[in-house]
1. Modelling each spin label as a point 7 Å along the Cα-to-Cβ direction, I'd like the D69/A114 distance in nm, to one decimal.
2. What is the spin-label model distance, in nm, from W98 to A174 if the labels are put 7 Å beyond Cα along the C-beta direction?
3. What is the distance, in nm, between label points placed 7 Å from the Cα along the Cα-to-Cβ direction at D122 and at D154?
4. Using the Karplus equation 6.51 cos²θ - 1.76 cosθ + 1.60 (θ = phi - 60°), what ³J(HN,Hα) coupling, rounded to whole Hz, does each residue of segment 103-109 give in order, writing x for Gly and Pro?
5. May I ask you to compute the full-extension gain from S55 to R233, defined as 0.36 nm times their residue separation minus their alpha-carbon distance, rounded to one decimal in nm?
6. Would segment 47-108 count as rounded, prolate or oblate if I go by the C-alpha gyration tensor, calling it rounded below 1.5 in a/c and otherwise prolate when a/b exceeds b/c, oblate otherwise?
7. If I stretch the segment between H44 and D215 completely, what's the gain in nm (0.36 nm per residue apart, minus their alpha carbon distance), one decimal?
Amino acid sequence: ALLLLSCPPFTPALLLLSCPPFTPALLLLSCLPLCLASIQHYGHSQVDIQRPNTSLFSEFDRSGRVVADLEPGHMLYVPPFWYHHVETLEDSVSVNVWSVAEELTIMDDVYKQAIPFEESWDLSTMVQACRVYFTMIAKVLDVRADSIWSAIYDKRYAALDKLGQLKTNETSDAVMEQYCRSSSSAKQLEKQKGWGQDFDQGVKDVSKLFLQIHDRDIRHLCLCNFMEHVVARVMAVNHISPFFAHCVPTAD
């Protein structure tokens, strides 16, 4: 959460608030696509608020916005997970006071969990393990894994891919496409390979923490962040975009 104070006798500040991460009509579709772990300003919006590229970010115009014009002495509370953009209209002084959202405290515990994969696994096995791991977690959280995959790529990677700003290459894209096109579905893989008790327990432990995030939409947002984190850890940054582009779970 953010508390913004405008200090007298200085001039007003303008604060533009966008909608929370999701709306019922756009479940899993972020109003403002986030920057990625692999580039600068992770967690910020990819959209230039002052000069939005609506051909790349077509849903930006449909995002809900509120403008708050702060006068000297005003105080504004910005709830957790609300995107915000601040402009000072003239030289001024403002004070920001941050508090840690409960959901972020829970996510700290999520990121402390060991990823239940073996270091000896090759890239192909890591790819399939990620597919099974994410699909099993999504099942516990009662969300369609394919919709999560699509949300991550379409809203975080597609525009950057078009602009050539992703750390990827043709080789990693072709390799990931081959691994995922030729493999079984995540559900079949789960049955075919005994991933071990540590793997199953890892799914349970992480899912239990995610369920402590009571707001379903914020939980989905945090799950997207976590999936990016896992792929970056067990593979490499250049494999993140190809993985979410080509390895979408298929129905059995």
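1. 5.9 nm
2. 4.3 nm
3. Between D122 and D154, the label points sit 3.5 nm apart.
4. Values per residue, Gly and Pro as x: 5, 6, 5, 5, 5, 4, 5 Hz.
5. Working: separation 178, 0.36 × 178 = 64.08 nm, distance 3.24 nm.
60.8 nm is the gain from fully extending S55 to R233.
6. Numbers: a/c = 2.33, a/b = 1.10, b/c = 2.12.
Oblate, because a/c is 1.5 or more while a/b does not exceed b/c.
7. Working: separation 171, 0.36 × 171 = 61.56 nm, distance 2.11 nm.
Fully extending the segment from H44 to D215 adds 59.5 nm.
All of the numbers you see were taken from the coordinates with simple rules; none came from a lab. Only a predicted model underlies this, so the values are computations on that prediction, with no experimental measurement involved. All Cβ positions, even for glycine, are placed from backbone atoms using ideal geometry, and neighbour counts span all protein chains on display.
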